[in-house]
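The values are calculated or read from the model by the stated rules, or taken from the named source; none is laboratory data. The model shown is predicted, which means the values in this text are computed figures rather than measured ones. Cβ placement follows ideal geometry from the backbone for every residue including glycine, while neighbour counts extend to all protein chains displayed. Accessible surface is based on the protein model in full, side chains and every heavy atom, while ligands, DNA and RNA are left aside. Shrake-Rupley method; radii C 1.70, N 1.55, O 1.52, S 1.80 Å.
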Amino acid sequence: MQWIDDLEVEAWNTVIEELVWHLRNGRTPTTITRQFEPERGIAFRFSSAPPCFLAISDTALEHHWKDAVAIIGRFPQLNATRLHCSSADPATPRRSPA
């Protein structure tokens, strides 16, 4: 499909590269989630296939996620795919309640 070919142009992004692989194998994710625990990476969930997890190194996760959200937003074919962020990065300092 042409739109998947167009999306693949953005495959320099690890999240998009994985998304294209799933799309070419007939699996459109229902949800893509950025997560930090138990492991850093991206979780893909599908309506008719088992979930899949893509581990992404600490330094690349946030950058690839932000870019992927923008890229996915340009493709109306993915409007039904929900994008989620899990809880905040556990490495981020938090304020103690006063």
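Quick look at the numbers
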quantity: Residues satisfying the stated conditions in the range 28-51, i.e. of a type in the set (A, V, I, L, M, F, W, C), touching a residue at least 24 places away in the same chain (Cβ under 8 Å) and not in a loop (DSSP other than H, G, I, E, B); calculated: Ile32, Ile42, Phe44, Phe46
quantity: Residue within the range 4-27 that is open to solvent by less than 30 Å² (accessible area, probe 1.4 Å), of a type outside the set (A, V, I, L, M), outside any helix (DSSP H, G or I) and within 16 Å of Arg82 (Cβ to Cβ) present; calculated: no
quantity: Among (1) surrounded by 17 or more Cβ atoms within 10 Å (Cβ to Cβ); (2) modelled with pLDDT under 95; (3) of a type in the set (Val, Ile, Thr) - the single one Thr59 does not satisfy; calculated: (1)
